[in-house]
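Scroll down for the structure; my scribbles are underneath it.
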Amino acid sequence: RAHGVPLAVQNELLTQGVRIVDATCPKVKKAQMLIADQTRNGRCLFLFGEPEHPEVAGLLSYAAHRAQVIEHVDMVECMAVQPEQDYFLAAQTTQDRGEFQKVVQRLETRLGGSFPVLDTICDATRERQEEAMRIAGQVDVMLVVGGLTSGNTRRLAKVVQAQGVPSVHIESVRDLPDQDLRRADRVGITAGASTPKAVIDSVEDAVAAWSE
């Protein structure tokens with residue numbers, strides 16, 4: 001899977017003689033390797049991400065079980081910190097850069113200085129969010145298309161909502177809102193990174209048909 005798998009899963013497959021075709025996203029694989037390098041240098045990981053997300057499980061496995069997950073910036077004050085321990089910070093690849101910078105600043109205050117910060121957030125995520133914000137400024141309502149349990153789609157929906165434009169997070173064309181939305185003059189559509197093109201196309205076709 002693009003999210004990668006924990007190291008223990010991969011090693012177990014290898015011991016069974018299974019041939020592995022690694023389909024991990026290159027950005028995720030790079031994050032795994034960077035975390036492994038820092039861990040070998042004796043540092044402990046702070047990871048900004050969703051604790052239950054498959055990608056996070058994989059990233060944590062490269063930290064040799066010496067890691068803490070920061071789900072949101074307010075958690076920084078509650079993290080266990082040892083004065084004699086060196087730390088480093090990384091992020092789930094689909095996290096918001098703005099929120100990540102807030103975590104960096106809070107940790108600098110908490111740790112009393114600078115520490116290695118890995119650039120593991122995917123540029124495609126940033127570009128998608130920036131594009132969604134641009135579109136939101138030009139329309140009356142936004143549709144965010146993608147799985148309701150998809151981390152990057154949920155964050156994209158939050159970014160759009162923060163622009164103040166009415167928005168709806170839907171999984172497919174079946175979830176399109178009722179007649180109220182159809183009175184909008186301009187409807188914007190964006191989608192999560194894992195949303196199939198066919199799903200996006202079907203929503204676009206349905207919205208286009210409203211004006212016919």
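Pairs linking a residue in region 1-26 that is open to solvent by less than 70 Å² (accessible area, probe 1.4 Å) to a residue that is among the acidic types (Asp, Glu), with Cβ atoms under 9 Å and 6 or more positions apart or on different chains, are ALA2/GLU55; HIS3/GLU55; GLY4/ASP22; GLY4/GLU55; GLN10/ASP22; VAL18/GLU12; CYS25/GLU55. Of all residues in region 159-181, those satisfying the criterion of being of a type outside the set (A, V, I, L, M, F, W, C) and under 12 Å from LEU143 (Cα atoms) are GLN161, PRO166, SER167, HIS169, GLU171, SER172, ASP175, PRO177. Residues that are open to solvent by less than 30 Å² (accessible area, probe 1.4 Å), closer than 15 Å to THR120 by Cα and part of a helix (DSSP H, G or I) are absent from region 42-49. When GLY112 is tested against the conditions (1) touching a residue at least 24 places away in the same chain (Cβ under 8 Å); (2) open to solvent by 30 Å² or more (accessible area, probe 1.4 Å); (3) on the phi > 0 side of the Ramachandran plot, the lone failure is (1).
The residues of region 183-212 that are in a loop (DSSP other than H, G, I, E, B) and either over 23 Å from GLU127 (Cα atoms) or open to solvent by less than 100 Å² (accessible area, probe 1.4 Å) (or both), listed by number, are ARG183, ALA184, ASP185, GLY192, ALA193, SER194, THR195, PRO196, TRP210, SER211, GLU212.
Okay, residues lined up against (1) outside any loop (DSSP other than H, G, I, E, B); (2) at pLDDT below 95; (3) more than 26 Å from THR149 (Cα to Cα); (4) acidic (Asp, Glu):
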{"site": "ALA2", "(1), (2), (3), (4)": "no, yes, no, no"}
{"site": "VAL5", "(1), (2), (3), (4)": "no, yes, no, no"}
{"site": "ILE20", "(1), (2), (3), (4)": "no, yes, yes, no"}
{"site": "ALA23", "(1), (2), (3), (4)": "no, yes, no, no"}
{"site": "ALA31", "(1), (2), (3), (4)": "yes, no, no, no"}
{"site": "LEU34", "(1), (2), (3), (4)": "yes, no, yes, no"}
{"site": "ASP37", "(1), (2), (3), (4)": "yes, no, yes, yes"}
{"site": "GLU52", "(1), (2), (3), (4)": "no, yes, no, yes"}
{"site": "LEU59", "(1), (2), (3), (4)": "yes, no, no, no"}
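Would region 120-142 turn up any residue that is open to solvent by less than 20 Å² (accessible area, probe 1.4 Å), part of a loop (DSSP other than H, G, I, E, B), hydroxyl-bearing (Ser, Thr, Tyr) and farther than 28 Å from PHE88 by Cβ? No - not one qualifying residue is present in region 120-142.
The values are calculated or read from the model by the stated rules, or taken from the named source; none is laboratory data. Remember, it's a predicted structure, so these values are computed and weren't measured experimentally. Virtual Cβ from ideal backbone geometry, glycine too; neighbours counted across all protein chains shown. Quick note on the areas: whole protein, heavy atoms, side chains included, nothing else; ligands and nucleic acids left out. Shrake-Rupley method; radii C 1.70, N 1.55, O 1.52, S 1.80 Å.
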